[in-house]
Amino acid sequence: MRNRFQIAWFAALAAFASPADAATEALIVQVPQISSAAAQQLGEACVAFAAKANTATAVAVVDPAGRLLYFFARQGASATAPKTAELKAVTAARWGRTTSQLMDLVKKGSAESLWFGDFPQPGGVPIIQDGHTLGAIGVAGPGGIDEKCAKEAINAVFGNSVETGRPIGAGAAARDGQGGAAP
């Protein structure tokens, strides 16, 4: 009798401990992201823009997780430009916002949610489609054209098929592609 009670107890526990639809839930998911070819095209478009502006710029393109897909530094780029470009790209990918938007939050004193290692300086631009961050591009160089360079590259490669960030205050609903602003 005791064994049957224990078996019934474990069966009931197992039934309530796991969701009923776990068997139908996908075991492998696909996350939309830019391809290596797109990363290269973005980087080359940004480098071409920087060459026309005659600036010694570094460009980094990352996937949604911040992994480096493309990097190039023009001759004459400062010693800090390569890492700065990568940090800007990673920060933009993490937050789904331009790093200039994050810099505005820092200036207003509302940057409590920024993570250690974020780089809220203009020049990082996320690439978003249907509410999903596909990757980001980070640009570091002189002349204050970093963000313009990134946006020009995104426009050259993707046209109007992607967005380049979410407005401040757009939370989970925007990340899930449902629009609206979080409280």
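The values are calculated or read from the model by the stated rules, or taken from the named source; none is laboratory data. Note that the coordinates shown come from a computational prediction; the quantities given were computed from them, not determined experimentally. Glycine also receives a Cβ, built like all others from the backbone with ideal geometry; neighbour counts cover every protein chain displayed.
When each of A39, A45 is tested for being modelled with pLDDT of 95 or more, touching a Phe, Trp or Tyr at 6+ places or on another chain (Cβ under 8 Å), assigned to a helix (DSSP H, G or I) and small (G, A, S), the lone residue that passes is A39.
Within segment 44-59, being surrounded by 22 or more Cβ atoms within 10 Å (Cβ to Cβ) and either aromatic (F, W, Y) or closer than 20 Å to G135 by Cα (or both) holds for C46, T57, A58, V59. Answer with yes or no whether Q101 is of a type outside the set (F, W, Y) and either surrounded by fewer than 17 Cβ atoms within 10 Å (Cβ to Cβ) or touching a strand residue (DSSP E or B) at 6+ places or on another chain (Cβ under 7 Å) (or both). It is false that Q101 is of a type outside the set (F, W, Y) and either surrounded by fewer than 17 Cβ atoms within 10 Å (Cβ to Cβ) or touching a strand residue (DSSP E or B) at 6+ places or on another chain (Cβ under 7 Å) (or both). The set of residues in segment 60-77 being within 20 Å of G96 (Cβ to Cβ), aliphatic (A, V, I, L, M) and buried (at least 21 other Cβ atoms within 10 Å of the Cβ) consists of A60, V61, V62, L69.
Selection of first residues in segment 20-41 that are polar (S, T, N, Q) and of second residues that are in a helix (DSSP H, G or I) and at pLDDT 95 or above, restricted to Cβ pairs under 7 Å at least 6 apart or on distinct chains, gives the following pairs, ordered by first then second residue: Q41/V157. If the condition is being β-branched (V, I, T) and either in contact with a Lys or Arg (Cβ under 7 Å, 6 or more places away or on another chain) or over 13 Å from A38 (Cα atoms) (or both), then segment 145-161 contributes only I145. Note on segment 72-160: enclosed helices (runs of 4 or more DSSP H) holding 1 or more residues that are touching a Cys at 6+ places or on another chain (Cβ under 6 Å) and under 23 Å from A56 (Cα atoms) are 146-158. Considering G135, G109, G141, the condition of being in contact with a helix residue (DSSP H, G or I) (Cβ under 9 Å, 6 or more places away or on another chain) and over 12 Å from P64 (Cα atoms) is satisfied by G141 alone. Can you work out which of the residues in segment 8-35 that are over 20 Å from D130 (Cα atoms) and among the polar types (S, T, N, Q) is modelled with the lowest pLDDT? Checked segment 8-35; the qualifying residue modelled with the lowest pLDDT is S18.
Within segment 144-162, residues that are in contact (Cβ under 8 Å) with a residue 12 or more places away in the chain have Cβ atoms under 6 Å from residues that are outside any helix (DSSP H, G or I) and surrounded by fewer than 17 Cβ atoms within 10 Å (Cβ to Cβ) in these pairs: I145/A53; V162/Q129, counting only partners at least 6 apart in sequence or on another chain.
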